[in-house]
Amino acid sequence: MVSKIRVLLGMLVLLALAIGAIALLAAVKADAVWFTIVPLGILFLGASVIRSLGWFNKEGR
């Protein structure tokens, strides 16, 4: 079973990182393709790393 609070917090952290990456890309005037690749990469790779670490698993009581 998956803890919904942990998933929400994890995805909010990843979303904040993706928004920060967009701001950084805008500051350095990057090409438009990077505005798609980098945030999606942060979201997908970050979620898969967090999941593989077991942070999304619900602990038994």
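The values are calculated or read from the model by the stated rules, or taken from the named source; none is laboratory data. Just so we're clear, the structure is a prediction, and the values are computed from it rather than from any experiment. Cβ placement follows ideal geometry from the backbone for every residue including glycine, while neighbour counts extend to all protein chains displayed. Note: accessible area is taken over every heavy atom of the protein model, side chains too, but ligands, DNA and RNA are not part of it. Shrake-Rupley method; radii C 1.70, N 1.55, O 1.52, S 1.80 Å.
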Inset, instruction - Return the distance in nm (one decimal) between the two label points of a simple spin-label model at Trp55 and Val7, each offset 7 Å from Cα along Cα→Cβ. - result: 1.6
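Report the relative contact order of the chain, percent, no decimals, based on alpha-carbon pairs under 8 angstrom and at least 6 residues apart. Show your work: numbers first, answer last.
On the way: 36 pairs, mean separation 32.0, N = 61.
Relative contact order here is 52 percent.
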Inset, instruction - Please report, in whole Å, how far the alpha carbons of the chain spread along each principal axis, starting with the longest. - result: 50, 16, 12
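Place a +1 charge on the Cβ of each Lys and Arg in the chain and a -1 charge on the Cβ of each Asp and Glu, then give the dipole magnitude about the Cα centre in debye, rounded to the nearest 20. Kindly include the intermediate steps, with their values, before the conclusion.
On the way: 6 positive and 2 negative charges, 62 e Å.
With only Lys, Arg, Asp and Glu charged at Cβ, the dipole is about 300 debye.
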Inset, instruction - Once you've got the GNM for the chain with C-alpha springs shorter than 10 Å, pick whichever of Ala23, Ala47, Ala32 has the biggest mean-square fluctuation. - result: Ala32
Legend entry - Ile37 accessible area, 1.4 Å probe, all protein chains in place, Å² to nearest 10: 90
Legend entry - Residue-averaged [θ]222 nm for the chain, counting only DSSP H segments that reach four residues, each worth -39500 (n - 2.57): -24500 deg cm²/dmol
Legend entry - Charge dipole (the chain, unit charges on Cβ, about Cα centre) - positive-most of Ile22, Val7, Ile42: Val7
Legend entry - Virtual spin-label span in nm between Leu15 and Val38, 7 Å along Cα→Cβ: 2.0
